[in-house]
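These notes are about the structure you will find just below.
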Amino acid sequence: MIALPGGVFQMGSDEHYPEEAPAHPVAVDPFWIDETPVTNAQFARFVAATGHVTLAEIPPDPKLYPGMDPAFAHPASAVF
């Protein structure tokens, strides 16, 4: 693993989708990350060991997406 320093970046946009506004600075703490990719098999072992659920497996909350087509209200339906 390698250590990445913390820093500040600009998150959001004032020019595109309303839910991205306002653009604002966000501070990120230092963190560690693997130097090499994690394989699907390694990730599967992690999920089996921890019970981790990815965001792709959770249905979107319709309250967060007003006017969303109900056909998209299931896990992994909206790809950005």
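The values are calculated or read from the model by the stated rules, or taken from the named source; none is laboratory data. Computed from a prediction, not measured in an experiment: that's the story for all the values here. Reconstructed Cβ throughout: ideal geometry from the backbone, glycine too, with neighbour counts over all protein chains shown.
Would you confirm whether any residue within the stretch 53-61 is in a loop (DSSP other than H, G, I, E, B) and touching an Asp or Glu at 6+ places or on another chain (Cβ under 7 Å)?
There is no residue in the stretch 53-61 that is in a loop (DSSP other than H, G, I, E, B) and touching an Asp or Glu at 6+ places or on another chain (Cβ under 7 Å).
Looking at the structure I just gave you, is GLY12 under 17 Å from the mean Cα position of the chain (by Cα) and surrounded by 10 or more Cβ atoms within 10 Å (Cβ to Cβ)? Full working, then the answer.
Numbers: under 17 Å from the mean Cα position of the chain (by Cα): yes; surrounded by 10 or more Cβ atoms within 10 Å (Cβ to Cβ): yes.
Yes; evaluated as a whole, the condition is true for this residue.
Provide a single number: the residues in the stretch 1-48 that are in a loop (DSSP other than H, G, I, E, B) and either touching a Gly at 6+ places or on another chain (Cβ under 9 Å) or touching a residue at least 12 places away in the same chain (Cβ under 8 Å) (or both).
11
Could you tell me which residue of the stretch 27-80 is surrounded by the fewest Cβ atoms within 10 Å (Cβ to Cβ), considering only residues that are of a type outside the set (Gly, Ala, Ser), at pLDDT below 85 and within 29 Å of GLY6 (Cα to Cα)?
Looking at the filtered set, the residue picked out is PHE80.
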